[in-house]
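Undergrad: Here you go, one structure.
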Amino acid sequence: MDTTHCAVDGWVDAIPVPGPRDTATFDLVVRPADMDALDDDAPDTIVTCTSGDPRITHELLNGIRPGDLLRATGILVQPPAPGEPARLTVDALEVLDTALVPVLRDMVLDRYGDYCVIFDANANANAEAVPVFTAHGTWVGLADNPDSIAHLIDIHERVNGGDA
């Protein structure tokens, strides 16, 4: 197998996942520097990355989001067969740019301690009722508006002994 020590710049494709023996794995979408010279329908290169370094693993599992632009440095192993992704064992990681924070437009699930509420942007803009549940899924009721959620939770705790 052909191996090379290199740095690869690319975007994180999906949330990094924990692996065996305190490792983390993620895919980088890599585009060539001479993108203009390629056909419009040329596929991106996917590089599968793994790290066992505790600092890098912690950062991957707690701070990296899809869309972040990273520079991963390490040992690159060429794929054993055409069409398979190259593998990079990462020994250094640098965040070059962070992904934009997504704007939540439709429905949002929010926590209030042991309670969950569902905000529907379209309905709540018209001051409609807000559904409230316990974290275990037990129905609490409809708050008349977002300002009355705490009052509804307080009533539920007094009636049910404070246990969600």
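Undergrad: Thr57 versus (1) modelled with pLDDT of 90 or more; (2) closer than 24 Å to Leu100 by Cβ: which is the lone unmet condition?
TA: Here Thr57 meets the rest and fails (2).
Undergrad: Just the residues that are part of a helix (DSSP H, G or I) and surrounded by 15 or more Cβ atoms within 10 Å (Cβ to Cβ), please, taken from region 45-60.
TA: Ile56, Thr57, Glu59, Leu60
Undergrad: Additional query: With the requirement that a residue be at pLDDT below 90 and small (Gly, Ala, Ser), what does region 1-54 give you?
TA: Ala14, Gly19, Ala33, Ala37, Ala42
Undergrad: Taking into account only those residues within region 125-159 that are closer than 15 Å to Asp114 by Cβ, open to solvent by 80 Å² or more (accessible area, probe 1.4 Å) and not aliphatic (A, V, I, L, M), which is nearest to the chain's Cα centre (by Cα)?
TA: Of everything passing the filter in region 125-159, His136 is nearest to the chain's Cα centre (by Cα).
Undergrad: Only one residue in Leu88, Leu100, Leu69, Leu96 is under 27 Å from Arg31 (Cβ atoms), surrounded by 15 or more Cβ atoms within 10 Å (Cβ to Cβ) and out of contact with any Phe, Trp or Tyr (no Cβ under 6 Å at 6 or more places or on another chain). Which one?
TA: None of the others qualify; the one that does is Leu88.
The values are calculated or read from the model by the stated rules, or taken from the named source; none is laboratory data. All figures in this text were calculated on a predicted structure; none of them were measured in a lab. Don't worry about glycine lacking a Cβ; one is built from the backbone with ideal geometry, like all the others, and counts go over all protein chains shown. All accessible areas refer to the heavy atoms of the entire protein, side chains included, with ligands and DNA or RNA removed. Shrake-Rupley method; radii C 1.70, N 1.55, O 1.52, S 1.80 Å.
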